Amino acid sequence: MSQKVIKDAEQRMHKCIDVFKQEMAKLRTGRAHPSILEQVRIDYYGNETPLSQVASVNVGDARTLLISPWEKKLIPVIEKAILNAGLGLNPVTSGDVVRVPMPPLNEERRKELIRVLRTEAETARVSIRNVRRDSNNEFKELLKNKEITEDEERRSTDQIQKLTDKFIAEVDQLLSTKETDLMAV
């Protein structure tokens, strides 16, 4: 019974790490990456549509994204949507392609991104600790219902703590790697 709770806790902690990785991917490090434009939506025949559904977004070089719309008349709409998205990007049209150069990050923006990153990391740590708390409460409930022994409850709680430590260390490792990446000029 307790192994089932531990397995469930481990899966939930993995999900916390996955969510943290997704949040980290949204932070721009000065390099071009298609995920930067994920939240950009354009007005496509009266519907708010994600950019990725009306155009292909590719990396031209380390600092340029290339957007090739499937309909040529969408080029000005895409430009306007990127400008209004609040990403600090200035698209440039060249023929059938919209180029989005990535501006280099200044020191102030880098520090701001690191603050945001640390907040996301703390949110991930709190989520992992919440999983630990829930699992420990389940063990106490099982002990109260006499489905497991006190020794088994203590062992299971220790296992959950080891899992928690492992996943929090992984969050810290990801945070440190991303900070280094952000501070690289």
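We did not get these values from a lab; they are worked out from the coordinates using the rules stated. Remember, it's a predicted structure, so these values are computed and weren't measured experimentally. Counting neighbours? That spans all protein chains shown, and the Cβs are built from the backbone with ideal geometry, glycine included.
Brief remarks follow.
- Cross-link partners of LYS4 among lysines (Cα-Cα below 22 Å; sequence separation of 8 or more within a chain): LYS15, LYS140, LYS144, LYS146, LYS162, LYS166
- Projected area averaged over orientations for the range 34-101, convex hull of C-alpha atoms, nm²: 4.0 nm²
- Positive-end extreme of charge dipole, the range 111-160 - chosen from SER127, ASN137, VAL116 (charges on Cβ): VAL116
- Theoretical gain in end-to-end length, GLU23 to LYS111 [0.36 nm per residue, Cα-Cα removed]: 30.0 nm
- Local electrostatic count, THR64, Cβ distance below 11 Å [Lys/Arg +1, Asp/Glu -1]: +2
- In nm, spacing of pseudo-spin labels at LYS72 and ARG154 (7 Å Cα→C-beta vector): 7.8 nm
- Degrees, to the nearest 10: 150-183 long Cα axis against longest axis of the chain: 20 degrees
- For the pair the range 156-185 / the range 12-72, the C-alpha centres are spaced 26 Å from each other.
- Degrees between helix 75-84 axis and first principal axis of the chain (Cα, 0 to 90, nearest 10): 50 degrees
- Percent RCO, i.e. relative contact order, over the range 34-101, from Cα pairs under 8 Å lying at least 6 residues apart: 28 percent
- Among ASN136, ASN145, ASN58, residue whose mean-square fluctuation peaks in a GNM of the chain (springs only between Cα atoms under 10 Å): ASN145
- The alpha-carbon of LYS73 sits under 18 angstrom from the alpha-carbons of these aspartates and glutamates, leaving out residues fewer than 8 places away in its chain: ASP43, GLU48, ASP96.
- Straight-line cross-link reach from LYS26 at under 17 Å between alpha-carbon atoms covers these aspartates and glutamates, not counting any fewer than eight positions away in the same chain: ASP18, GLU38, GLU112, GLU120, GLU122, GLU179, ASP181.
- If R0 is 41 Å, the Cβ-Cβ spacing of LYS166 and SER52 corresponds to a FRET efficiency of close to 0.75.
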